[in-house]
Structure formats: C-alpha cells, structure tokens
Amino acid sequence: MNSKLNLPADRVAYARELAERITAPVQDFIDGHSSVTVERATLRLAGADGASPDGVPVANLVVDRIRAADPAALEDGATVRYVNALLKSGGDVRALNDRIAAGFDVTSLPLGDRAAIEAKADEIVAGTLARIKGNREFREGKLEQWKGRNNSPLLYLIVATGNIYEDVKQAAAAAEQGADVIAVIRTTAQSLLDYVPYGATTEGFGGTYATQENFRIMRAALDEVAEKQRRYIRLTNYASGLCMPEIAAMGAVERLDMMLNDSMYGILFRDINMYRTFVDQMFSRMLNSYAGVIINTGEDNYLTTSDAYEKAYTVLASQLLNERFGFRAGMPSNLLGLGHAFEMDPTLKNGFMYELAEAQMAREIFPDCPLKYMPPTKHMSGDIFKGTEMNTLFNFVSKATNQGIHLLGMLTEAIHTPFMMDRYLAVENARYVMNYVDGFYDDVEFKKDGIVVSRAHQVLRETIEFLEHVEKTGMFDAIEQGLFAEMKRPKDGGKGFEGLVKKGPAYYNPFEKALKRELGIVR
Amino acid sequence: MKVVRPYGDTMDDGKVQLSFTLPVPDGAKGREAARKLVLSWGFKDCEVVHSAPLAAEFSFYVAYGKTESSIDYDSVVADEASADASMSMDEVNEYIRRNIGRKVVVVGACTGFDAHTVGIDAIMNMKGYNHHFGLERYPEMEAYNLGAQVPNEKLIDYAVKVNADAILVSQVVTQKDTHIHNMTEFIELLEAKGLRDKFICVAGGPRIGNKLAVELGFDVGFGRGAYADDVATFVVKKLAEKN
C-alpha cells in the first residue's frame, strides 16, 4: 500500500518496540498467575454447565468450594479436581454438573491416579477444541460461499432491548436492512458481576445479559437471516469485565464472530483491578485467537472521557499496546479490530481534516487489522438533524480511509435506545456515502506538509513521547499515577483483586497448555 | 394573551413535520394508513411525502400535518431549575467569597447500577463539557466525583465524611424506571438517617426534569443542556439562603 502520510517507518517501528518493552514485565506477571474466572473458563470448556437452584453457575460452585476447603488449593488449578470427580463418578459430565448444582463438593473426593486424570483431561480438551475449530471452519466456509456480499467496511449495528426474544426480532430486521454485524449490548453492570448468569433472559437494564443460552438463541436467529440474505451475519458480544475469559469461552463454543476485548478497558473505565485484568485478557485472547474471533478494542473510551483532539495520542498508544498484548496471546493482525473514534468537537475548525488524518494514520500503521471505527457520541445532542450531519461525515471518513468495521452512528444517540427506523436511516446514510465516495481511498492523495499529513506526524510524535514516559515509569506505576485516561488506579485496588491466583509449582491447566501449543506461544 | 401555533413559512399555518414506523408492509395501503393515522391525531391536513420498507412487516413514513391547535404563550410556566440566567464560573467563585466565605463542598456520583459517568463527568470533571468547565475547576469549591455504580449508602457516607454542602446524583439509565427507584431510595436513606436537611440535593440526567426531582424530594433537577455553571449557581444561591 502506498503511504499517503509518509510516516517515518523507523519511528513507527520504534513505537512498536516501546510497546514491546512496556508489556514485557506485564507478561511476566501474567504468566505466573491465574484467576478465579480463568479457572471457571477452563471448567466451562471442560463441560461445567448449569447452575444451582438459586442461580449460582456450576463453574463458580466448583471454584468457590475449592477455595473454601483450602484457600491455597486453587494454585494447582481447578480442572484437576473437576476431572477427578468426573472419573470417579462414571464420566457423565451432565450427571456430575447436576450433582454439583445440587450441593456436591468435588474436593470431598481424594485425588486419584494422576496419569488417568491427565489422560481424561486430554480427551476432553481434544473434544472441545475440535468443536471450536469446527465453528471456525463453518464461519470460513460461509464467508467463502457468500464472498463479496458483505459491505466494506462491515456495517455494525447494536440491539439492546433487555429481552433476548425481542433482540432477535430487532436483529433480524437490522440484518435485513443491511447490517453485517449485530452486537447485543449487555445489561448495565454485567461487567462487574463475578459470574455469568445462566439461561435465557428477558429482563435487563440498557441491554441484555450475556449468557450462553442467549448466545445460542441469537446465533440461530442470525444464521437463519443469513441464509435468506445469502450474506454471513456476524454476532458480537462483550468479553470485558470480571468474566472476560468465561465469556470468551462461551463465545468460542457458540460461534460468536467478534468480541469486545481490551487489555486495559476494565482497569480504567470499570475500576477492575489491574493485575486481574491483565491475567484475564491473556486467557480470553488466546481463546478468541483459536476461535478466529475478531476482537474490538476500546480506544473510543479514551476520547469520550477526554478531549478527542488533545488526547489523540492516547488512542495510538493504546492501539500499540493492545496489538502487542494480542500478539502475545497468539493473535494474528487480521483478528485485531483495533478501535478508534470520530469524537472531535464539531465546532473545531478543520476537525474533519484531523479525523481524516487519524483514521488514515491508523490504517497505515496497522495495514492488516480490521480497524473498528466508532461514531460520534459525545457531541450528539437532541438535535437529530445535526446528528445526521455528523454521522454523514463520519461515514465519509470511514470509507475514505478504508476502515474494517464501521459502527453505525444513530441520529437519536443520547436520546433513547435506537428505534427500528433509526437503524434504517443509519444504514441508508452509510450506503449512500460509501457508494458515493467508493473510489476515494485509491484516488486521493494528501498534500505533503498539508493539514492532514502534519496532523498525523504530530500525533505519532506525541504517542512516542507518551510511550517513552510510560516505559520509564513502568506499566503498573503508570496506571497507578493516572497516565492513562487521567484515571488513577491503585495496584491493589479495584474490583476482583481477591480473585487473582498465584500459580503454584503443580499448577495444571490442560486448556492453557493446548491453546499455547496450538497458537505457537513460546514462553 | 399571546396565541401561538407551529410556524412553517406563514404565521399560524400550523405545519408539523412527523416521522414514524408502522408494523405493516410498505405500499399504497400502508401510506393511506399512515395518512389516516395522522388525521386521527387531530391534524386537519396530512401529506405522506415518503415511505420505505424497514423489514418485511415494517415500514417507515415521513409526513407533514397541519394543526389548528394553539397555546396561550403567556400562560406557560417552564419546568426549569432556575428562571435566572446562571452565573459564570468566575461569578460563582466571587459569589462564594462574598456571601459564603469558605469553600463549598460538593460530592457527586452516578448511583445504583448505572455505569454511565458521562453526566456526572460533564458537570464535575476539571475539563467540563462544551467549553463549560466542571466544578473541580472552581477555586472556591471542593468537588469529589465518586464515579459510577456508587451505592446510595456509600455516597451519603462519603458526603458526611467530607462535610459536604451538596450532593449531586446523576442518573442516565431510565429503563424500567430504575432512576426513580434509585432517587427515591437516596432520599429515603437520607431521611432515615435524619440528614435530609444537612445537604442540598441535586439530581441530574438527560431524562430528569426539575419537576420530577422535586417530587421525589430533591431540591432541584437538571436535565438535558445543563452545565456546571447552572448547577453551581443553584447550589451557592441555595446555600447562601440556608445560612
């Protein structure tokens, strides 16, 4: 690809090197630790499903009982206990889950022959990985079969009624109108639950619970529309919050196609403990990688909480860190949907040029990533007409810089969750603009030292200065001092810290081992 | 008495622009249904200027109607927090120096399960919103923004700890009336602790009106379009009144 911005390749390489150095000590920490949700994700992959009569998931019951019996026991991993119980109870996963849900404690059984446990675990791992691989192949097959029928960039719409059965209707209508990606936004505060609710749900606040059954229901509905439309419809959910790895596990098994997954979002914007988040994001990303799930990172949040012009460098810095953490989890560039957003003040003179510069910069620095571009939200008001104008320019920049995933702006953003007609108008606007400027990306170059080029160089310089500062400070201290998003997060503060587990010498996690092997992660 | 009607391009023409969705297929029958529906709302005249299919069983309409309804503008009383124009940041600080003589302490949070900090941040953060600096920037104020998902109990405890003059409660999510439950619980908790009179209680959010907030026991409510200066003006004037 020809560079239109003439960004200095050595400076870009240096910025990547800084990201590498910043994340290395974090990775050392991650490698020595697990967490309650990493263990629960592993149990889920091994077959732990269902919930007690009062709604506590089987995976939580197992982990909680292991910890209750001996606070240090989790350092060996939870899987060994679950598989041991499975062997001793005749090998029927469903029967074991029912017993656990009814009160049976897996730690009440003495550990049997280690070789037999590991052999059984290997058999389970092979079965689960085969299922995930099958999902991946199914998706790839459909994308091949209906090649060229999706929009470019992919048009991404959100549904959020709280009721999965209502979501299904809205999603089907959105797909019929032209959406390529449907995201089911989660109910407020699910990110702070240290468990994943069980079963189909019909009540939520500002969104719908992410549950495995809800995933299954929506997946089936979208597959049905896809067959009619002869266009693969991708399903998105949120692997963020206190259960990142578990939701990634559910997504892998139920064939979700995209997941929100940011290495630092939980720390900065949800006040989840930093160590916990770093450990959780690694395991969740290994699962996303193996399942061929495109992640969407959350850089847009930096711009909604700070000034989008002044803090543009925080986006590039975060993209570089997310990329590096992704690589460390075996993720190829084509699954890294790095985020950014069109959030500058609409009264800013030349704001369009700056937005164009930053979107093009992201395109050139991450040429193989399906960049996820987010619409204006912060400066959307009750003026739906002005909102439409802003969305039109957003659509223009997105197509003009060849973005990968385009979250459609709603003219009623900041007023209510979208009406059906709001989504229709959003798709119509995008289609109009994207057809009208179809050849722009290939045809147009920018003036050397003009506004666009200068802006991109400036942001790259500021990003490098910032990353140098973070490297000198150290990642954990940098977060504690509020260098990111102006949020100060104490190392041992935040939610979920108590759920962090130091791996013992006998730590056993057959899924982690298999994923690292499959993804070629050598550490 | 000043009688007014919507204005299109001629005084009193009563022209109104409408758009809506009907759960029927697009087509001549759908457009006629839309037209009749608009007439049934009291419009004297209706033209459906555009229709489009949204899905197999849903269609979208743009229509213009003409109304003969009018309102006596002089009889209208606005549901606004303050009829006066708000003071600017500098004026508020000057007002505090002159009339209160000490720093005004304000504690704010988005309460309950509501995870949206956008409202409370717009009012409190240094940066503010749309060129209106937030309360943290006010030299004569001490502002504590506790962020989102703060339980009412914790917010009140914190306000007591820092000896706050005012508590700001932000509510963005209003689905299933959670904001009403949250705001009611907040006031009930304060009353149960005998602390209601100790604080100036301010509610805010895109769907919070002054009327609703006052009904629920707050001193004031700020909705869409309110800035830090509006909140600060109310708080300092009320505080001066109380003293």
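Side notes on the structure shown:
- Each Cα pair under 8 Å and six or more residues apart adds its sequence gap; the mean of these over the residue count of the stretch B:34-155 is a relative contact order of 19 percent.
- Inter-part distance, the stretch A:162-221 to the stretch A:276-298, computed on C-alpha centroids, equals 20 Å.
- Separation of the alpha carbons by more than 25 angstrom is noted, of A:Lys133/A:Lys503; A:Lys142/A:Lys169; A:Lys88/A:Lys516; A:Lys378/A:Lys488; A:Lys133/A:Lys516, for A:Lys133/A:Lys503; A:Lys88/A:Lys516.
- Centre separation in Å (Cα based) which lies between the stretch A:486-506 and the stretch A:1-48: 18
- The trypsin sites (Lys or Arg not before Pro) of the stretch B:1-55 that DSSP puts in a loop, and whose beta carbon has at most 16 other beta carbons within 10 Å, are B:Lys2, B:Lys44.
- For B:Tyr144, distant residues with modelled amide H under 5 Å away: B:Val106, B:Val107, B:Gly108
- Label point distance in nm, B:Met11-A:Leu348, each placed 7 Å from Cα along Cα→Cβ: 4.5
- In order along the stretch A:296-308, the Karplus-derived 3J(HN,Hα) couplings, from 6.51 cos²θ - 1.76 cosθ + 1.60 at θ = phi - 60°, round to 10, 8, x, 4, 4, 5, 5, 8, 7, 9, 10, 6, 5 Hz, and Gly and Pro are given as x.
- Restricting the trypsin sites (Lys or Arg not before Pro) of the stretch B:105-203 to loop positions (DSSP other than H, G, I, E, B) with no more than 13 neighbouring Cβ atoms within 10 Å leaves B:Lys193.
- Placing a label point 7 Å from the Cα of A:Leu111 along the Cα-to-Cβ direction, the residues of the stretch A:16-37 whose backbone N falls under 17 Å of that point are A:34.
- Counted charge near A:Ala116, where neighbours are those whose Cβ lies closer than 13 Å (Asp, Glu -1; Lys, Arg +1): -1
- With the cut-off at under 20 Å, measuring from each backbone N in the stretch B:41-75 to a point 7 Å along the Cα-to-Cβ line of A:Lys228 picks out B:52-61.
- Entry note, the stretch A:431-523: relative contact order of 9 percent, from Cα contacts under 8 Å with a spacing of 6+ residues.
- Residue list for the stretch A:41-75, given a label point 7 angstrom along the Cα-to-Cβ vector of A:Lys88 and an amide N cut-off under 20 Å: A:43-44, A:46-49, A:58-75
- In degrees, nearest ten, helix A:510-519 long axis to first principal axis of chain A (Cα): 40
- Compared with the dominant Cα axis of chain B, that is its longest principal axis, helix B:89-99 is turned about 40°.
- What the Cβ-Cβ distance of A:Glu140 and B:Asp197 gives, at R0 = 45 Å and to the nearest 0.05, is a FRET efficiency of 0.10.
- Extension gain, B:Glu91 to B:His131, is 12.8 nm, computed as 0.36 nm per intervening residue step minus the present C-alpha separation.
- Within the accessible area of the protein assembly as shown (1.4 Å probe), percent carbon and sulfur: 52
- Couplings for the stretch A:187-200, taken from phi via the Karplus curve 6.51 cos²θ - 1.76 cosθ + 1.60 with θ = phi - 60°, read 5, 3, 6, 5, 4, 9, 7, 8, 7, 9, x, 10, x, 6 Hz in order; Gly and Pro are left as x.
- Segment B:Leu189-B:Leu39, extension gain: residue separation times 0.36 nm, minus the distance between their alpha carbons: 49.1 nm
- Taking 7 Å steps out from each Cα toward its Cβ at A:Gln481 and A:Ala506 produces label points 4.3 nm apart.
- Within the shell defined by Cβ-Cβ distances under 12 Å, the residues around A:Leu235 carry a net charge of 0, with Lys and Arg each +1 and Asp and Glu each -1.
- Rough spin-label spacing in nm, given labels placed 7 Å along Cα→Cβ, for A:Ser333 and A:Asp443: 2.7
- Residue-wise HN-Hα coupling along the stretch A:275-291, computed from phi with Karplus coefficients 6.51, -1.76, 1.60 (Hz; x: Gly, Pro): 5, 4, 4, 4, 5, 5, 5, 4, 5, 5, 6, 4, 5, 4, 4, 5, 7
- Near A:Leu260, the amide H atoms lying under 5 Å from its own belong to A:Asn237, A:Tyr238, A:Ala239, A:Asn296; only residues 5 or more places off or on other chains count, and H is placed 1.01 Å from N.
- Neighbour-limited loop hits for trypsin sites (Lys or Arg not before Pro), the stretch A:384-453 (at most 10 other Cβ within 10 Å; DSSP other than H, G, I, E, B): A:Lys447, A:Lys448
- Nearest-ten-degree value, helix B:228-242 long axis tilted from longest Cα axis of chain B: 50
- Near A:Ala456, once Lys and Arg are set to +1 and Asp and Glu to -1 for all other residues with Cβ below 15 Å from its Cβ, the sum equals +1.
The values are calculated or read from the model by the stated rules, or taken from the named source; none is laboratory data. What you see is a predicted model; the values in this text were computed from it and never measured. No Cβ is skipped: glycine too gets one built from the backbone with ideal geometry, and neighbour counts run over all protein chains shown. SASA here: full protein model, heavy atoms, side chains in, ligands and nucleic acids out. Shrake-Rupley method; radii C 1.70, N 1.55, O 1.52, S 1.80 Å.
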